[in-house]
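Take a look at the structure set out below.
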Amino acid sequence: MQRLQDRVAVITGAGSGIGLATARRFAQEGAKVVVVDLDEVAGTKAADEVGGLYVQADVSVEDDVVRMFQTAHDTFGSVDIAFNNAGISPPDDDSILTTGIDAWRRVQEVNLTSVYYCCKHVIPYMRRQGKGSIVNTASFVAVMGSATSQISYTASKGGVLAMTRELGVQFAREGIRVNAVCPGPVDTPLLQELFAKDPERAQRRLVHIPIGRFARAEEIAAAVAFLASDDASFITAAEFLVDGGISSAYVTPL
Ligand SMILES: NC(=O)c1ccc[n+]([C@@H]2O[C@H](COP(=O)([O-])OP(=O)(O)OC[C@H]3O[C@@H](n4cnc5c(N)ncnc54)[C@H](O)[C@@H]3O)[C@@H](O)[C@H]2O)c1
């Protein structure tokens with residue numbers, strides 16, 4: 001499929017995981033990809049692989065966000081797609097009883113304020129073009145509670161979801177679609193390592209997933225490519241769950 005032929009797509013956190021899988025998928029579908037990541041080594045490698053442009057930026061810094069969209073526009077002449085995906089889930093963000101204000105704030109800055117900056121600074125380009133598609137990465141934890149809490153992470157993803165909904169509604173008649181993808185747990189190297197060491201921890205989560213396994217990053221990327229493309233032309237302000245059925249489940253199959 002070549003649904004994104006010559007579209008200019010800016011992807012944050014494209015050096016790893018869901019962002020990297022999406023950079024590959026977008027490039028396969030014909031997009032010109034701008035790979036944004038804090039990590040220069042990973043970002044450069046990803047950009048080289050997909051024939052894209054690497055821009056180093058910290059998405060929690062407004063000037064960096066302004067510069068990355070400006071660079072994309074100066075280089076390729078438009079900004080058609082923004083996949084605002086970079087995010088963190090550090091170990092010091094845990095139960096509300098033990099999570100300190102610094103850990104809380106850092107996660108809010110990187111996961112939520114960054115999406116505010118990215119939307120704020122990409123929408124003017126899209127308004128001038130009369131067209132654009134924004135996909136923000138939320139999470140299934142934005143719609144469900146967990147006893148294994150990461151309190152700031154969960155609150156940040158709830159914020160991403162609510163902001164996405166509002167922007168989708170506000171800019172709907174200007175040709176700009178804004179959607180949130182809500183991935184279920186993804187089979188990342190980090191997750192694999194953690195669960196290999198502690199199978200009970202994996203099982204406690206797997207039991208809730210009707211499909212019976214974690215997602216592959218490529219499966220999230222496929223959904224993002226759909227939302228970014230004109231195939232999703234009547235979809236905006238949506239919470240698009242790609243969660244193996246988790247958020248609909250009560251009793252799962254044995
Ligand atoms: N992995 C999961 O199970 C899962 C589930 C639901 C939602 N998500 C969300 O998906 C997104 C991507 O997650 P992932 O698992 O692919 O993560 P990852 O850690 O594999 O990749 C994230 C990338 O973002 C970059 N990054 C981190 N902070 C940055 C900053 N301030 N500025 C620029 N780049 C920065 C990192 O260098 C890294 O390359 C995140 O928003 C995450 O919360 C992940």
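A protection proxy built from the mean count of other Cβ atoms within 10 Å ranks the segments 148-160, 60-72, most packed first, as 148-160, 60-72. What you get for segment 1-109, charging only the Cβ of Lys and Arg (+1) and of Asp and Glu (-1), is a dipole of about 520 debye around the Cα centre.
Computed about its Cα centre, the charge dipole of the chain is approximately 640 debye, with only Lys, Arg, Asp and Glu carrying charge at their Cβ.
Projecting each Cα onto the charge dipole of the chain (Lys/Arg +1, Asp/Glu -1 at the beta carbon, about the Cα centre), which of Val41, Val207, Gln150 comes out farthest on the positive side? So the residue we want is Val207. Counting only Cα atoms, the chain measures 51, 39, 36 Å along its principal axes, largest extent leading.
Against the chain, whose longest principal axis is taken from its Cα atoms, helix 114-129 shows a tilt of about 30°.
Using equal-weight Cα scatterers in the Debye expression, the normalised intensity of segment 89-182 in log10 at q = 0.21 Å⁻¹ is -0.94.
Values in this text are rule-based calculations from the coordinates and carry no lab data. Remember, predicted model here, so these are calculated numbers, not experimental data. Positions of Cβ are generated from backbone atoms using ideal geometry, with glycine treated the same way; all protein chains shown enter the neighbour counts.
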